[in-house]
Amino acid sequence: MRFIPLTTIAALLAAAPAFAADISWLTQSQQQAAQYPVEMEAINTLDGEGFTINRNEFQALGLNLADALRLAGSGSFQVVTAQVGSAAKDDPFLEGIDLIGVSTDMSELKDAVDAYRDAFNERLSGKFGVKAMAIWPFGPQVFLCGDEINDLDDLNGLKVRSFTASMSTLLENLDATPVTLSFPEVYPALQRGVASCGVTSPTSSNTGKWPEVTKSLYPLSVSGSVQAHLVNLDWLNSLSDEEGSAFAAAMTTLEDKLWTLAVETNGIAQSCSTGGDCPADGIYTSYDMTLAPVSDADKAKVAEIATSKILPEWAAKCEASYEGCIEIWNKTVGKARGLMIQ
């Protein structure tokens with residue numbers, strides 16, 4: 001995929017709103033994505049509240065998902081969706097909301113997100129001039145591979161798609177080779193053998209047609225792939241009280257519905273991908289992938305790597321760029337998850 005340099009965006013897009021209630025909305029949710037109807041419902045709600053929304057997709061404009069923070073902070077777009085782990089290349093603190101191996105089911109992740117939300121937004125506003133108005137997950141991040149995989153030992157020597165720093169640490173400690181790829185790049189990478197396996201949610205993999213180029217699914221969840229709808233602060237602060245309240249309410253409803261989607265639909269998507277029951281009138285496609293049972297030993301292995309490798313490595317990078325980072329994490333996510341970085 002060809003990406004457009006940020007320096008040319010202003011010339012390509014007349015994104016600055018003429019009126020406060022005009023929104024240039026940049027999203028990664030394409031029409032086949034499970035999140036698309038939920039996001040469109042929010043956009044339609046805002047339209048009914050008097051906002052004018054110009055919706056664009058990263059993929060259609062050739063923009064890089066990793067540039068979400070700069071696209072929102074610069075005001076090129078007023079609302080931008082971001083994969084937080086990918087955006088965290090600009091600031092390690094952000095990845096603290098969803099470090100690999102820390103929150104491995106949706107209930108754990110919800111506690112972590114709620115605990116970190118205020119600190120997360122304080123950092124976003126102070127450094128990037130944005131606010132996360134909706135924070136939500138794609139769902140449990142599991143392994144899909146081109147060949148048979150029965151446990152984590154089978155990843156030894158394989159090239160596995162990664163999209164966060166802590167995921168790369170996990171893969172390296174499993175003797176796999178992390179290959180950093182954004183979601184749109186994964187299907188062709190699996191197809192060509194650039195990657196042997198990918199990590200994503202059952203929902204995203206099914207709607208993204210990964211089962212066409214993979215054979216086995218190992219449903220060990222290592223994180224939730226937290227996303228955020230980032231909003232330019234200058235634009236947000238320019239809204240009237242009435243506009244601000246209407247916008248905030250729509251974004252809260254959007255977040256709630258995206259959490260519900262992540263919790264309730266990934267089981268259906270996994271069943272569809274692995275030859276189980278699959279609603280004929282749904283958005284998912286039936287495939288016949290092999291589903292391997294998850295062992296307690298592998299769960300323990302991920303937890304041990306998270307404690308001994310991922311947390312110390314992340315903490316060192318985070319503290320170096322943001323003094324007090326470790327203390328903040330311990331009081332928020334760490335407290336919620338019963339973990340402590342020394």
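The values are calculated or read from the model by the stated rules, or taken from the named source; none is laboratory data. These numbers come from a predicted model, not from an experiment. Counting neighbours? That spans all protein chains shown, and the Cβs are built from the backbone with ideal geometry, glycine included. Surface areas here come from the heavy atoms of the whole protein model, side chains and all, with no ligands, DNA or RNA. Shrake-Rupley method; radii C 1.70, N 1.55, O 1.52, S 1.80 Å.
Condition first: open to solvent by less than 20 Å² (accessible area, probe 1.4 Å) and within 18 Å of ALA42 (Cβ to Cβ). Can you find one or more residues in segment 260-269 that meet it? Yes. Any idea which of (1) open to solvent by 40 Å² or more (accessible area, probe 1.4 Å); (2) under 21 Å from GLU95 (Cβ atoms) is the one GLN227 doesn't satisfy? Of (1) open to solvent by 40 Å² or more (accessible area, probe 1.4 Å); (2) under 21 Å from GLU95 (Cβ atoms), only one is false for GLN227: (1).
Filtering segment 186-238 to residues that are free of Cβ contacts under 8 Å to residues at least 40 places away in the same chain, more than 30 Å from THR253 (Cα to Cα) and of a type outside the set (Ser, Thr, Tyr) leaves VAL186, PRO188, ALA189, GLN191, ARG192, VAL194, ALA195. Could you please let me know if LEU181 is touching a helix residue (DSSP H, G or I) at 6+ places or on another chain (Cβ under 8 Å), modelled with pLDDT under 95 and on the phi < 0 side of the Ramachandran plot? It is true that LEU181 is touching a helix residue (DSSP H, G or I) at 6+ places or on another chain (Cβ under 8 Å), modelled with pLDDT under 95 and on the phi < 0 side of the Ramachandran plot. Does any residue in segment 24-39 that is farther than 18 Å from PHE51 by Cβ come within less than 7 Å, Cβ to Cβ, of a residue that is part of a loop (DSSP other than H, G, I, E, B) and among the small types (Gly, Ala, Ser) six or more places away or on a different chain, and which pairs are these? Listed by first residue and then by second, the contacts come to GLN35/SER29; TYR36/SER29.
If you check ALA300, ALA306, which single one turns out to be without any contact (Cβ under 8 Å) to a residue 60 or more places away in the chain, part of a helix (DSSP H, G or I) and open to solvent by less than 80 Å² (accessible area, probe 1.4 Å)?
ALA300
Once segment 288-297 is narrowed to residues that are open to solvent by less than 60 Å² (accessible area, probe 1.4 Å) and not β-branched (Val, Ile, Thr), the residue that is farthest from SER221 (Cα to Cα) is MET289. Taking segment 72-161 as the region of interest, the helices (runs of 4 or more DSSP H) fully inside it that hold 1 or more residues being hydroxyl-bearing (Ser, Thr, Tyr) and under 27 Å from ILE305 (Cα atoms) are 84-87, 106-128.
Might you check whether a residue that is closer than 23 Å to GLN59 by Cβ and either open to solvent by less than 50 Å² (accessible area, probe 1.4 Å) or in contact with a Leu (Cβ under 9 Å, 6 or more places away or on another chain) (or both) occurs anywhere in segment 151-159? Scanning segment 151-159, I find no residue that is closer than 23 Å to GLN59 by Cβ and either open to solvent by less than 50 Å² (accessible area, probe 1.4 Å) or in contact with a Leu (Cβ under 9 Å, 6 or more places away or on another chain) (or both), so the answer is no. A residue that is closer than 16 Å to ALA82 by Cα and surrounded by fewer than 21 Cβ atoms within 10 Å (Cβ to Cβ) can be found somewhere in segment 233-242.
If only residues of segment 27-54 that are in a strand (DSSP E or B) and out of contact with any helix residue (DSSP H, G or I) (no Cβ under 6 Å at 6 or more places or on another chain) are counted, the one that is least open to solvent (accessible area, probe 1.4 Å) is THR27.
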